[in-house]
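Participant: Have a look at this one.
The values are calculated or read from the model by the stated rules, or taken from the named source; none is laboratory data. These numbers were taken from a predicted model, which means no experiment stands behind them. Ideal geometry is used to build each Cβ from the backbone, glycine not excepted, and the neighbour counts take in all protein chains shown. For accessibility, only protein heavy atoms count, side chains too; no ligands or nucleic acids. Shrake-Rupley method; radii C 1.70, N 1.55, O 1.52, S 1.80 Å.
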Amino acid sequence: MSDQVWIGRDGALVVLRFIERAGQARRIGPLLDAARCNALTEALATLAPDDAAVLLVSGGPGFGWGPEPDRLPDASEAEALARLCDRIDRMPVPVVALLQGAALGAGFELALAAHYRVALADARLGFPDIMLGLPPGAGATQRLPRIIGAEAAVRVLLSAPAVDLPAAQDLGLLDAVVPDEAAARAFALSLVGQPRPAPTRLDRLDLRAGHAAVNAARAVLRAPALPALRAVVDSVEAALLLPWEAGLAYERVQYEDCLRSEAARGLRHAALCDQRVARLQDAAAQGADLPETLLLSAMPANLAQAALAAGMRVVLYHPEKDGALAALHGLAELLDAAEAEGRLTGSEIEDSWSRLVATTESARAGQAELALLGDADIARRLRPHLPASLPLCVTEPVAGAVTMTPVPGACQPRLWEIRSEGAPPRATAAAYGLMRALGWPALPGSAVGSPVLLVLAEVLRVLVTMRDDGLEPATIDARLGVEGWSPSPLRHLEQSAVARAVAAAEPWPDAASGMPVWEAVLAAAAQGAARLLQADPAVQPWMIDHALVHAAGFPRWRGGPLAAADHHGLKRIIARIQAMGQRPVPLLADLARSGSGFDALDRAPALRPVAAPPAARISPG
């Protein structure tokens, strides 16, 4: 026994149990990192002559997962997992994996390497690493087509959502479903003396269907397709064409290429931003109870739809009958569209309507546990009729209320900014708790303005200058589309708040002097973000990246505009800013001079200059 793997015996059966390390407990099970994979490989090499079968079991709530989302793995981790899978391939006795909970990423690869897979009722398998820009690196693209066929393998490997138990059974991923570990042990012992399936088997490889699946997948992948997606398709094709060892080697090269790619760095940064938002919301919502009844007035219709989907009762209030009817009509359109697209059934929509009330009566509005009011005048008129203890959120500043606004740029707002100066802590917790319950990200707003609006305005001011100087909007859209920003950010000019911010932004007098569109965009975003970060130390670069990805459509695989600027190089960014006629913000110049990037501000806030007074405001320019 080591601190990684517990070795037990049940007659001729060897049980290898992954040990959850102290301080690293995860809800999804043990991390299959290099140390644990090496320990498992060593354990498999120490079997006694009379050991006749092996059962792999997790000591945590899930079978296993990896790599860690908070850092890029190095090549040694994939090598350790590949050695473990290869060792299982060469085992003279059957190896059975007991799947419980999640078998994700490295856990999925290990499960595929086992000769047999049995599962508990809560098992789910998948390869979410594709969302981090990483294809399999330990043989999954070669093993999975041989288990379930190439067409199903492509579908599973390109789909981030995990496969649940019924789907895994239908695909042929499982050899048995068992009620507990005792049944899994009995299954493994029943295999003693029987021939085990060879990893190189070809019985499920239908070449004609496989090539059709590969070609269909390539046709769906649009340029610029992420390298990891192409790598999966190419590696599955290699399983159809190449000998076993050559296919594994091909997959390995694809993995290492993707590991070094900008997309892997960017997607991991975006995932880290998502995690930081979730942790921020968890901390801010501490102690908040989910409201049973939510009061909404003059708020986006998708907020009511999401609250109903979360099981809440919703009161739609407007002092005027026409306003209440308009709110009902907007919600009905969303529910009808959801039914037409198959996202909701008729019975689910009926249930939603049964928990909805539309009213013009202020007395009924006071029955809620949380109020979100989108009109300051309505908020002032309604407030005397609401209980003093009712947490109140408004979209325009009102004394004693949380200011909670949908982020400018989001056409159907799902990202919100929350400012709580002067509001009761209970109201702040309730606001963040609601967003957490709906699965929507919420970020603290800035005293100097909306971070999304300020940075997006800089970008759009550059693009508008280029457009006004003769560059066709279609050309701008095409050039940004090649870089992954599609649809074009120019569409946000249709929103009045965005158009006003762009008009107020500082001009870029030489933006149309032959500057490449993408480099101009990165320079403008970096300049605007640096101005904001310098004025408000509470804002973090990762917040800006997260907001621009979610609200403005900046390509997620680039991580966000500041992550992309760091990758591009801040010295080059400063040269572009100067070439377009502006002086770089001092904070940006200091970062470039020190050889660091925006990410250094997340790690070391003390590097920032002294902020402007909290009451100060800056224009988007």
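Participant: At 222 nm, what value in deg cm²/dmol follows for the chain if DSSP H runs of at least 4 each add -39500 (n - 2.57) and the sum is divided by all its residues, to the nearest 500?
Facilitator: Result for the chain, helices only: -15000 deg cm²/dmol.
Participant: Can you compute the charge dipole magnitude of segment 72-141 about its Cα centre, using +1 on each Lys and Arg Cβ and -1 on each Asp and Glu Cβ, nothing else charged? Give it in debye, rounded to the nearest 20. Kindly include the intermediate steps, with their values, before the conclusion.
Facilitator: Values: 5 positive and 8 negative charges, 55 e Å.
Charge dipole, segment 72-141, about its Cα centre: 260 debye, nearest 20.
Participant: Principal axis lengths of segment 187-320 from Cα atoms, whole Å, largest first?
Facilitator: 72, 47, 32 Å, listed from the longest principal axis down.
Participant: Return the whole-Å distance between the Cα centroid of segment 115-158 and the Cα centroid of segment 557-575.
Facilitator: Answer, in whole Å: 34.
Participant: With everything on Cα atoms, drop me the angle between helix 425-438 and the longest principal axis of the chain, reported from 0 to 90° to the nearest 10.
Facilitator: Approximately 50 degrees, to the nearest 10.
Participant: Additional query: What residues have an amide H closer than 5 Å to that of ASP375, excluding those fewer than 5 places away on the same chain, when H is modeled at 1.01 Å from N in the peptide plane?
Facilitator: Amide H to amide H, under 5 Å and 5 or more residues apart or across chains, ASP375 pairs with THR395.
Participant: Sticking with this one: Among VAL498, SER58, ALA551, whose Cα lies farthest out toward the positive end of the dipole of the chain, if unit charges sit on the beta carbon of Lys, Arg (+1) and Asp, Glu (-1)?
Facilitator: Value: VAL498.
Participant: Once you order the gyration tensor axes a ≥ b ≥ c over the Cα atoms, which shape class does segment 413-463 get: rounded for a/c under 1.5, otherwise prolate or oblate by comparing a/b with b/c?
Facilitator: Oblate.
Participant: Quick one: angle between helix 75-89 and the longest Cα principal axis of the chain, in degrees between 0 and 90, rounded to 10, please.
Facilitator: With rounding to tens, the tilt is 30 degrees.
Participant: Which value, in debye to the nearest 20, gives the size of the charge dipole of segment 308-362 about its Cα centre, when Lys and Arg are +1 and Asp and Glu are -1 at the Cβ?
Facilitator: 200
Participant: Then there is this: Cα centroids of segment 195-274 and segment 373-393: how far apart, whole angstrom?
Facilitator: For segment 195-274 versus segment 373-393, the Cα centre distance is 55 Å.
Participant: Still on this structure, please answer the following. Given a 1.4 angstrom probe, what's the average accessible area per residue across segment 75-175, in square angstrom?
Facilitator: Per-residue accessible area for segment 75-175 comes out at 27 Å².
Participant: At a Förster distance of 35 Å, what's the computed FRET efficiency of GLU320 paired with ASP282, Cβ-Cβ distance as r, to 0.05?
Facilitator: 0.35
Participant: Another one. Where a ≥ b ≥ c are the square roots of the eigenvalues of the C-alpha gyration tensor, would you call segment 47-200 rounded, which needs a/c under 1.5, or, failing that, prolate if a/b is larger than b/c, or oblate?
Facilitator: Note, shape of segment 47-200 comes out prolate.
Participant: Run the simple label-point estimate for GLN194 and ALA503 please: 7 Å along Cα→C-beta, distance reported in nm.
Facilitator: Rounded to a tenth, the inter-label distance reads 7.6 nm.
Participant: Please work out the average accessible area per residue across segment 310-425, using the 1.4 Å probe convention, and give it in Å².
Facilitator: Accessible area per residue: 50 Å².
Participant: As a test, work out the antiparallel percent of DSSP beta bridges whose residues both lie in the chain, rounded to the nearest 5.
Facilitator: Restricted to the chain, the bridges split so that about 25 percent are antiparallel.
Participant: Using Cα centres only, tell me the gap between segment 36-95 and segment 418-465 in whole Å.
Facilitator: Going from one Cα centre to the other spans 45 Å.
Participant: Right, next: With a 1.4 Å probe and every protein chain kept in, tell me what percent of the accessible surface of the chain is carbon plus sulfur. Could you put the intermediate results ahead of the total?
Facilitator: Working: 13780 of 25580 Å².
Exposed carbon and sulfur together represent 54 percent of the surface.
Participant: What is the chain by shape, rounded, prolate or oblate, if you read a ≥ b ≥ c off the alpha carbon gyration tensor as root eigenvalues and call it rounded for a/c under 1.5, prolate for a/b larger than b/c, and oblate otherwise? Don't skip to the end; give the middle numbers.
Facilitator: Values: a/c = 2.06, a/b = 1.51, b/c = 1.37.
Taking the square roots of the gyration eigenvalues as a ≥ b ≥ c, the chain is prolate.
Participant: Moving on to the next point. Give me the orientation-averaged projected area of the Cα convex hull of segment 524-606, in nm², one decimal.
Facilitator: 5.2
Participant: Whole number please: convex hull volume per residue of the Cα set in segment 135-251, in Å³?
Facilitator: Spelled out: Cα convex hull of segment 135-251, divided by residues, is 120 Å³.
Participant: Of PRO516, LEU221, THR405, which is farthest towards the positive pole of the chain's charge dipole, taken about the Cα centre with +1 and -1 on the beta-carbons of Lys, Arg and Asp, Glu respectively?
Facilitator: Among PRO516, LEU221, THR405, the one farthest towards the positive end of the dipole of the chain is PRO516.
Participant: Positive end of the charge dipole of segment 245-355 (Lys, Arg +1 and Asp, Glu -1 on Cβ, about the Cα centre): tell me which of TYR250, TYR317, VAL277 has its Cα farthest that way.
Facilitator: Of the candidates, VAL277 comes out farthest on the positive side.
Participant: Something else: If you place +1 on the Cβ of every Lys and Arg and -1 on the Cβ of every Asp and Glu, how big does the dipole about the Cα centre of the chain come out, in debye to the nearest 20?
Facilitator: That gives a dipole near 860 debye.
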